[in-house]
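To start, the structure itself, in structure tokens.
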Amino acid sequence: MKYIIEHLEPELYEWCLIEYVHISKIVGKNRLIFTNVKGKKSSKKLRKFGSVFEKSVSVLGLKGICVLSQYSKKTLKTKDKDAFRYFVFGGILGDNPAKKRTNAIIKKLKSKKIRFQERNLGNRQMPTDTAVYVAKRIFYGKKLGDLKFVDNLEIEVNENESININFRYALDGNKAIISDKLVNYLRNRKEF
């Protein structure tokens, strides 16, 4: 089983790289594939964390694909890990409300007549690393309903300021599953 991140941003932004590194830690470099990565510099950075392809997942000739989309009518279940070889996630943290950019992956797959199915991880938008974390937990026996989430994550910047992130994050106990590097990145940003 492999996790595929179809990179949908115009470049490899710092926050993307932080999330992708976190994903590599969650699933392991040997299970992670980045697709649709443009530019040698971006490819070189990502090779440390998984396999990298410049082309879209839609032209790699893969079989046994499941696309994770919050708009799918079917929810991901543990048995799906045996039904599919590749689980595709859109490498984006979209706008709120969502622009449905994962549909671009679905459209490409359909246009190339690639057989695939879709599953959801609930109906709320998650950062890519959170979606991968949740999928992995489900593959190892959890049901989506067993997992706990926070839908508006508040990150304290200093004693007077905080940042509210309006996306769904998984919880482990009372702690949100988020990269410490991403928290530091958000705290040190100059503009919001």
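Is there a pair in Lys81/Lys110; Lys2/Lys107; Lys44/Lys113; Lys73/Lys108; Lys44/Lys81; Lys44/Lys73 whose C-alpha atoms are over 27 Å apart, and which pairs would that be? Numbers along the way, then the final one.
Working: Lys81/Lys110 22 Å; Lys2/Lys107 21 Å; Lys44/Lys113 31 Å; Lys73/Lys108 20 Å; Lys44/Lys81 30 Å; Lys44/Lys73 37 Å.
Long pairs (Cα-Cα over 27 Å): Lys44/Lys113; Lys44/Lys81; Lys44/Lys73.
Taking the dipole about the Cα centre of the chain, with the C-beta of Lys and Arg at +1 and of Asp and Glu at -1, give me whichever of Ala83, Leu68, Pro10 is farthest to the positive side.
Ala83
Would region 98-192 count as rounded, prolate or oblate if I go by the C-alpha gyration tensor, calling it rounded below 1.5 in a/c and otherwise prolate when a/b exceeds b/c, oblate otherwise?
oblate
Hey, what did region 58-192 get for relative contact order, percent, Cα under 8 Å, at least 6 apart? Could you put the intermediate results ahead of the total?
Numbers: 193 pairs, mean separation 33.6, N = 135.
Taking the mean separation of contacting Cα pairs over the length of region 58-192, I get 25 percent.
Have a look at the DSSP beta bridges in the chain and tell me what percent are antiparallel, nearest 5.
Details: 9 of 29 bridges.
Just about 30 percent of them are antiparallel.
So how far, in whole Å, is the C-alpha centre of region 95-148 from the one of region 43-89?
Using only Cα atoms, the two centres lie 10 Å from each other.
Using the Kyte-Doolittle scale, find the helices of the chain whose mean hydropathy is at least 0.0 and whose Cα atoms extend 15 Å or more along the helix's long axis, counting only whole DSSP H runs. Write down the numbers at each step before the final one.
On the way: long enough: 14-27 (20 Å, 0.79); 128-139 (16 Å, 0.39).
Taking the DSSP H segments of the chain (at least 15 Å long, mean hydropathy at least 0.0), we get 14-27, 128-139.
Using a simple spin-label model with points 7 Å from Cα along the Cα→Cβ vector, what separation in nm is obtained for Asp146 and Lys40?
Each label point lies 7 Å from its Cα, and together they span 4.8 nm.
Mind checking the dipole of region 2-141: about its Cα centre, +1 per Lys or Arg Cβ, -1 per Asp or Glu Cβ, Debye to the nearest 20? Kindly include the intermediate steps, with their values, before the conclusion.
Working: 32 positive and 11 negative charges, 115 e Å.
So the dipole magnitude of region 2-141 works out to roughly 560 debye.
For the chain, what is the calculated [θ] at 222 nm in deg cm²/dmol (nearest 500), taking -39500 (n - 2.57) for each run of four or more DSSP H residues and dividing by its residue count? Spell out each step's value before the answer.
Numbers: 6 runs with 56 residues, N = 192.
Calculated at 222 nm, the ellipticity per residue is -8500 deg cm²/dmol.
How high is the relative contact order of region 31-90? Use alpha-carbon pairs under 8 Å, at least six apart in sequence, and give a whole percent. The partial results should precede the final answer.
Numbers: 58 pairs, mean separation 18.2, N = 60.
Worked out over region 31-90, it gives 30 percent.
Which whole-number percent is the relative contact order of region 2-141 (Cα, under 8 Å, 6+ apart)?
Working: 236 pairs, mean separation 43.4, N = 140.
So the answer I get is 31 percent.
Put +1 on the Cβ of every Lys and Arg and -1 on every Asp and Glu Cβ in the chain; which of Ile163, Ile26, Ser111 then has its Cα farthest towards the positive end of the dipole?
Going by the Cα projections, it comes out as Ser111.
Throughout, read-outs are computed from the coordinates displayed, never taken from laboratory work. These numbers were taken from a predicted model, which means no experiment stands behind them. Note that we place each Cβ from the backbone using ideal geometry, even for glycine, and neighbour counts take in every protein chain shown.
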